[in-house]
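Encoded as structure tokens, here's the structure I'll be asking about.
The values are calculated or read from the model by the stated rules, or taken from the named source; none is laboratory data. Please read all numbers here as calculations on a predicted model, not as lab measurements. As a convention, Cβ positions derive from the backbone with ideal geometry for all residues, glycine included, and neighbour counts pool all protein chains shown.
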Amino acid sequence: MLTPLNLQRTPRHVAIIMDGNGRWARARWLPRAAGHRAGVQVLTPLLETAGELGVETLTLYAFSTENWTRPETEVSTLMSLFLETARGKVPDLNERGARLRFVGRRENLPESVRAAIREAEMLTAANDKLDVYIALNYGGRSEIVDAARRMISAGLDPEDVNEETFARYLYAPEAPEVDLVIRTSGELRVSNFLLWQIAYAEFYVTDTLWPDFSAQEFRRAIESFSARSRRRGGV
């Protein structure tokens, strides 16, 4: 268990790169879809633990702009799984007080998925216990490009553009900057995830594959963060 002192240093915003579903399935001689389904089961205990520890915002990397290059059958399975998860999980998350937001390029998603996104955001809009952002058809570079496009469309004078101004044109300008990035499966890369928001984030990398990621390991990640000294370029 975390001590009260550590709880005072709980990261406000945790972002998670949920990696390893395919390897988890392959190790069990199962289709990749089985790994993705197993990964969904991690979400409820994870969100419960985040709320208990005082985390205010979670961002989950669900589907990247690069994931479209995967086999068509896998992409179709992922979209179907999203719809299934929305039907099964969103009402429960709403009861628990989670507010859902989706970030990414929605226009490329199937209409059924876009409709599910709208319904989930509307249903949970008034909740305030935990903000959950789902990065769906998301890319960090795409977000930066889209922010630049919106600033140009708004007619901003270049002299008026600074870091604070730029941040207001990101997909979720109300979200706090990321304090902690967790990556499962042991890979040591950011994979085009929240490139602007993670500028001074701490990282916790585990070899655990996402379907095996537990509430206990999430606690260990928070404990690791709380023991660090964050200097943000200072001494």
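Considering every residue within the range 177-187, establish whether at least one is of a type in the set (G, A, S) and within 23 Å of A25 (Cβ to Cβ). Working first, answer last.
We begin by selecting, within the range 177-187, every residue of a type in the set (G, A, S); these are 185-186.
Those left that are additionally within 23 Å of A25 (Cβ to Cβ): 185-186.
Yes - at least one qualifying residue is present in the range 177-187.
Against the definition (surrounded by fewer than 17 Cβ atoms within 10 Å (Cβ to Cβ) and in contact with a Pro (Cβ under 8 Å, 6 or more places away or on another chain)), how does S214 come out, yes or no?
Working: surrounded by fewer than 17 Cβ atoms within 10 Å (Cβ to Cβ): yes; in contact with a Pro (Cβ under 8 Å, 6 or more places away or on another chain): yes.
Taking the combined requirement at face value, the residue satisfies it.
Of everything in the range 187-209 that's free of Cβ contacts under 8 Å to residues at least 24 places away in the same chain and not in a strand (DSSP E or B), which residue is surrounded by the most Cβ atoms within 10 Å (Cβ to Cβ)? Walk me through it before giving the result.
First, the residues of the range 187-209 that are free of Cβ contacts under 8 Å to residues at least 24 places away in the same chain: 188-189, 199, 203, 205, 207.
When the remaining residues are screened for being not in a strand (DSSP E or B), the result is 188-189, 199, 207.
Working: L188: 7, R189: 10, A199: 12, D207: 10.
Within the range 187-209, the match that is surrounded by the most Cβ atoms within 10 Å (Cβ to Cβ) is A199.
Suppose we filter V145, V132 for residues that are among the aliphatic types (A, V, I, L, M), within 19 Å of the chain's Cα centre (by Cα) and modelled with pLDDT of 95 or more; which single one remains? Please lay out each step first, then the result.
Values: V145 fails: within 19 Å of the chain's Cα centre (by Cα).
Within the list V145, V132, the selection yields V132.
Taking the conditions exactly as written (among the β-branched types (V, I, T), part of a helix (DSSP H, G or I) and crowded, with 17+ Cβ neighbours inside 10 Å), does V178 satisfy them or not?
No; evaluated as a whole, the condition is false for this residue.
Looking at the range 33-66, which of the residues that are over 14 Å from the mean Cα position of the chain (by Cα), buried (at least 16 other Cβ atoms within 10 Å of the Cβ) and not hydroxyl-bearing (S, T, Y) is nearest to D131 (Cα to Cα)?
G51
How do the pairs read when you match residues in the range 109-121 that are farther than 22 Å from G97 by Cα and free of Cβ contacts under 8 Å to residues at least 60 places away in the same chain with residues anywhere that are aromatic (F, W, Y) and part of a helix (DSSP H, G or I), using Cβ under 7 Å and keeping only pairs 6 or more apart or on different chains?
Going by the 7 Å Cβ cut-off, the qualifying pairs are V113/F82.
So in the range 16-62, with the set limited to residues that are in a helix (DSSP H, G or I) and of a type in the set (D, E), which one is nearest to W210 (Cα to Cα)?
Within the range 16-62, the first condition is being in a helix (DSSP H, G or I), and the residues that meet it are 21-27, 32-40, 43-53.
Next, only the ones that are of a type in the set (D, E) stay: 48, 52.
Numbers: E48: 17, E52: 21 Å.
Per the stated criteria, the residue is E48.
Can you tell me which residue in the range 123-150 is surrounded by the most Cβ atoms within 10 Å (Cβ to Cβ), limited to those that are within 26 Å of P45 (Cβ to Cβ) and aliphatic (A, V, I, L, M)?
Out of the qualifying residues, it is A135.
While we're looking at this one, here's another question. Taking the stated definitions as given, is Y171 crowded, with 19+ Cβ neighbours inside 10 Å, under 12 Å from R101 (Cα atoms) and at pLDDT 95 or above?
Working: crowded, with 19+ Cβ neighbours inside 10 Å: yes; under 12 Å from R101 (Cα atoms): yes; at pLDDT 95 or above: yes.
It is true that Y171 is crowded, with 19+ Cβ neighbours inside 10 Å, under 12 Å from R101 (Cα atoms) and at pLDDT 95 or above.
Within the range 33-85, track down each residue that is under 19 Å from D19 (Cα atoms), touching a Pro at 6+ places or on another chain (Cβ under 9 Å) and among the polar types (S, T, N, Q).
Within the range 33-85, Q41, T77 meet the criteria.
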